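Each remark here refers to the structure printed beneath this line.
What follows draws every value from the coordinates through simple rules; no lab data is involved. Computed from a prediction, not measured in an experiment: that's the story for all the values here. Cβ atoms come from the backbone with ideal geometry, glycine included; neighbour counts cover every protein chain shown.
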């Protein structure tokens with residue numbers, strides 16, 4: 001277990017070195033003075049970076065297991081934190097390997113992605129709800145966790161060292177073995193290729209998401225009953241995918 005492996009070697013830090021001189025002394029003191037239970041996505045992001053972490057690898061890795069747990073248990077904050085966690089692991093993969101943490105970290109990353117994709121939930125905003133949010137739309141359909149999954153896999157691809165995990169996860173959805181949830185996610189990621197938050201541009205991933213034969217198989221798994229549950233989403237999605 002990642003937590004046990006980390007804590008056996010790295011205790012909670014008593015100081016943060018601010019290696020890039022990006023924090024004030026008060027900010028560093030505030031981070032250290034908070035109990036673990038008080039830490040939220042903003043604190044974990046400041047601690048881990050990955051570009052401007054509050055401490056060195058040895059100082060901040062103590063917080064990595066807790067940050068992974070936070071990602072899974074606070075889905076509303078996951079989009080704001082996934083860059084820091086997945087990025088930290090990508091940037092520090094050699095150190096993680098030296099500490100025999102590489103496999104455990106990879107398992108945690110895949111567990112997060114699969115956790116976010118464990119259900120396929122569409123939130124439908126009707127005209128009134130759109131108006132309240134200031135959107136000039138007749139309706140809007142949002143797939144819960146889609147932006148987080150796209151951002152997480154994009155971070156893995158961007159830093160390159162852990163990009164195979166993004167490919168593995170996409171293949172997990174593409175080869176769905178008749179599972180309706182996984183097939184739905186495969187179609188959603190294909191649909192999202194032109195969104196602000198989109199799947200990474202890795203050729204292996206783009207080839208899967210544009211494979212008409214595989215998309216048709218996923219459509220066949222979904223079935224009309226699922227379409228009825230979220231009619232506007234599936235109508236627009238299948239039209240966009242030319243299915």
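Once the Cα atoms are used to define both axes, helix 102-116 deviates from the longest principal axis of the chain by about 40 degrees.
Based on the alpha-carbon gyration tensor of segment 133-201 and its eigenvalue square roots a ≥ b ≥ c, which shape applies: rounded if a/c is under 1.5, prolate if not and a/b is larger than b/c, or oblate? Judged from the Cα gyration tensor, segment 133-201 comes out oblate (a/c at least 1.5, b/c at or above a/b). Across all directions, the average flat footprint of the convex hull enclosing the Cα atoms of segment 1-56 is 4.2 nm². Each listed q (0.13, 0.16, 0.20 Å⁻¹) maps to a log10 I(q)/I(0) for segment 1-116, found by the Debye formula over equal Cα scatterers with no solvent: -0.44, -0.69, -1.11.
What separates the Cα centres of segment 106-150 and segment 178-224 is a distance of 16 Å.
Highest mobility in the GNM of the chain, judged by mean-square fluctuation with C-alpha springs under 10 Å and restricted to 110, 214, 27, is found for 27. Taking 0.36 nm per residue of separation and subtracting the Cα-Cα distance, full extension of the segment from residue 127 to residue 14 would add 35.4 nm. Using only Cα atoms and rounding to the nearest 10 degrees, what angle (0 to 90) does helix 231-240 make with the longest principal axis of the chain? Approximately 90 degrees, to the nearest ten. Once the Cβ-Cβ distance of residue 30 and residue 76 is raised to the sixth power relative to R0 = 22 Å, the FRET efficiency obtained is 0.45. With the convex hull drawn around the C-alpha atoms of segment 94-140, the volume per residue stands at 107 Å³. For the chain, the longest principal axis of the alpha carbon atoms and the long axis of helix 212-229 meet at an angle near 80°. Sorting the segments 82-91, 16-25 by their residues' average number of neighbouring beta-carbon atoms within 10 angstrom, most packed first, yields 82-91, 16-25. Shape class for segment 119-243: oblate, because the ratio a/c of the largest to smallest gyration tensor axis (alpha-carbon atoms, square roots of eigenvalues) is 1.5 or more and b/c is at least a/b. When 179, 76 are arranged by Cβ crowding within 10 Å, least crowded first, meaning fewest neighbours, the order is 76, 179. Round to the nearest 0.05 the FRET efficiency obtained for residue 211 and residue 21 when R0 = 41 Å and r is the Cβ-Cβ distance. My answer for the efficiency is 0.30. In plain terms, the residue of 217, 133 with the fewest other Cβ atoms within 10 Å comes first and the most crowded comes last, giving 133, 217. When the chain is treated as a GNM with alpha-carbon contacts under 10 Å, the residue of 182, 198, 97 showing the greatest mean-square fluctuation is 97.
With the convex hull drawn around the C-alpha atoms of the chain, the volume per residue stands at 143 Å³.
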